[in-house]
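The values are calculated or read from the model by the stated rules, or taken from the named source; none is laboratory data. Since this is a predicted model, take the numbers as computed values, not measurements. Here the Cβ positions follow ideal geometry from the backbone for every residue, glycine too, while neighbour counts run over all protein chains shown.
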Amino acid sequence: MSTKVEKALELHGKGYNCAQAVACSFCEKFGVDQETMFKISEGFGFGMGMMDMCGAVTGMMMVIGMDNSIGNLENGKATKADTYKKTKEFAEKYPGHAVKNISQVIAELRMQKDGDEVALVREAIGITDKALQYVMKHLEPGMAEYQAQADFEYMIRYNGAEGTAFPTIAGSGANGTMLHYDTNLDICEDGSLLLMDLGAKYRGYCADITRTYPVNGTYTERQRQVYDIVLAANREVAKTAKPGMTLKELNEIAKKVLAAGCMKLGLIEKEDEIDTYYMHGVSHHLGIDVHDVTAACNETLQPGAIITDEPGLYIDEWEIGIRIEDDLLITENGCECLSEAIIRDPDEIEAFMKDR
């Protein structure tokens with residue numbers, strides 16, 4: 001349990017209402033005393049029973065100025081106008097107190113996960129793994145992309161996920177070369193690949209995994225050549241990621257591996273031409289959002305960060321799109337691949353699909 005949650009529960013047990021308990025647990029962070037925090041928590045009716053512990057946190061974010069907080073309680077959506085209005089009301093009501101934007105503070109806190117948060121991401125990944133195994137067992141030529149999507153989404157809900165972390169991508173053949181293809185209406189043809197970028201959401205935390213499967217259970221020689229290049233880049237990033245590095249540095253590592261492989265295949269002549277077939281970054285932060293918040297002060301990776309590892313190659317002329325994505329936890333000395341158990345080796349994938 002995080003220190004701030006423990007503090008809030010301790011205060012709540014002493015008779016403070018939920019809003020006051022949560023607000024006071026942040027006193028040290030914001031450099032204000034409890035009396036000021038009481039005023040913040042009471043200033044907009046927080047002590048009137050309209051919010052539980054979670055709601056009190058959300059409400060306090062709204063008061064101090066977090067753009068993504070819940071300002072409109074009817075539809076659960078906030079606008080900058082909502083935030084500005086509440087901030088202005090507070091400033092007018094308490095002119096002696098500074099109004100600060102809490103979004104940067106929250107971003108910093110979200111970038112390093114505590115043990116409870118890591119456990120929830122692990123569970124989301126485990127549910128995703130089970131669903132991908134179900135997809136592989138049923139994938140065959142003639143299926144529609146949306147049927148593979150349905151298999152995945154059925155199994156994550158069956159195993160306790162609250163839903164998907166983001167709209168499921170299921171792109172077969174040439175559709176796999178489109179980065180954010182989510183129409184999922186085409187037929188998976190014999191001899192083609194199915195790229196699936198997906199993830200379960202469990203108790204508010206996201207998984208983000210990509211695997212690329214042969215529709216008929218066997219990679220062609222050319223598909224295997226491209227797959228091996230992407231897999232090598234994926235493994236190199238997982239081997240290299242550690243505290244103090246930047247996402248840009250990890251991307252350069254992936255690009256070098258991808259470029260070397262593409263030059264061997266004759267797709268490009270120079271390393272800087274890799275942008276023709278690889279046009280996105282290799283990593284982003286992961287947590288409550290699939291593309292989780294970042295803070296400038298945390299430009300370099302710190303222990304507790306969870307990031308993705310997702311190199312890919314998208315070769316339109318061959319109708320081959322391959323991406324392999326895992327989720328990495330940055331540790332004190334390196335990283336742990338939280339999704340290591342989700343099979344990615346092509347021989348293992350073919351063996352699994354053969355034995356279904």
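Within segment 297-312, the residues that satisfy the criterion of being of a type in the set (D, E) and surrounded by 22 or more Cβ atoms within 10 Å (Cβ to Cβ) are D309, E310. Contact map, segment 313-340: residues that are farther than 20 Å from K239 by Cβ and surrounded by fewer than 23 Cβ atoms within 10 Å (Cβ to Cβ) paired with residues that are β-branched (V, I, T) and at pLDDT 95 or above, Cβ distance under 7 Å, separation 6+ or inter-chain. Pairs shown: Y314/T177; I315/T177; I315/V226; D316/T177. When each of K137, K113, K130 is tested for being under 23 Å from S339 (Cα atoms), part of a loop (DSSP other than H, G, I, E, B) and either modelled with pLDDT of 95 or more or among the hydroxyl-bearing types (S, T, Y) (or both), the lone residue that passes is K113. In the condition set (1) more than 25 Å from E348 (Cβ to Cβ); (2) free of Cβ contacts under 8 Å to residues at least 60 places away in the same chain; (3) of a type in the set (D, E); (4) touching a helix residue (DSSP H, G or I) at 6+ places or on another chain (Cβ under 8 Å), E249 is compliant with all but (4).
Checking segment 116-128 against the condition returns no match, with no residue being over 18 Å from D289 (Cα atoms) and crowded, with 20+ Cβ neighbours inside 10 Å. The single condition among (1) surrounded by 15 or more Cβ atoms within 10 Å (Cβ to Cβ); (2) in contact (Cβ under 8 Å) with a residue 12 or more places away in the chain; (3) more than 17 Å from the chain's Cα centre (by Cα) that R235 does not meet is (2).
Every residue, every condition in (1) under 23 Å from I127 (Cβ atoms); (2) crowded, with 21+ Cβ neighbours inside 10 Å, yes or no:
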| site | (1), (2) |
| --- | --- |
| M143 | yes, no |
| A150 | yes, no |
| E162 | yes, no |
| I169 | yes, yes |
| C188 | no, yes |
| L194 | yes, yes |
| G204 | yes, no |
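When segment 289-331 is limited to residues that are of a type in the set (D, E, K, R) and assigned to a strand (DSSP E or B), the one that is farthest from N101 (Cα to Cα) turns out to be R323.
Conditions (1) at pLDDT 50 or above; (2) part of a helix (DSSP H, G or I); (3) among the charged types (D, E, K, R), marked per residue:
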residue	(1), (2), (3)
M37	yes, yes, no
S41	no, yes, no
G47	no, yes, no
M62	no, yes, no
N68	no, no, no
T83	yes, yes, no
E89	yes, yes, yes
A119	yes, yes, no
G126	yes, yes, no
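Exactly one residue among I268, I274 is among the β-branched types (V, I, T), surrounded by 15 or more Cβ atoms within 10 Å (Cβ to Cβ), out of contact with any Asp or Glu (no Cβ under 6 Å at 6 or more places or on another chain) and assigned to a helix (DSSP H, G or I), and that residue is I274. Checking each residue in segment 116-152 for being more than 15 Å from P214 (Cα to Cα) and more than 17 Å from the chain's Cα centre (by Cα) picks out K130, A131, Y146, Q147, Q149, A150, D151, F152. Determine, yes or no, whether K201 is at pLDDT 95 or above, farther than 23 Å from E317 by Cβ and more than 17 Å from the chain's Cα centre (by Cα). No.
The set of residues in segment 310-325 being more than 17 Å from L258 (Cα to Cα) and in contact with a helix residue (DSSP H, G or I) (Cβ under 8 Å, 6 or more places away or on another chain) consists of E319 alone. Check whether at least one residue in segment 329-337 is touching a Ser or Thr at 6+ places or on another chain (Cβ under 6 Å), within 28 Å of Y277 (Cβ to Cβ) and at pLDDT 95 or above, and report yes or no. No, there is no match, as no residue in segment 329-337 is touching a Ser or Thr at 6+ places or on another chain (Cβ under 6 Å), within 28 Å of Y277 (Cβ to Cβ) and at pLDDT 95 or above. Kindly indicate whether L231 is within 24 Å of E189 (Cβ to Cβ) and part of a helix (DSSP H, G or I). So L231 passes the test. Picking from residues in segment 120-163 that are in contact with a helix residue (DSSP H, G or I) (Cβ under 9 Å, 6 or more places away or on another chain) and of a type in the set (V, I, T), the one that is farthest from D182 (Cα to Cα) is I127.
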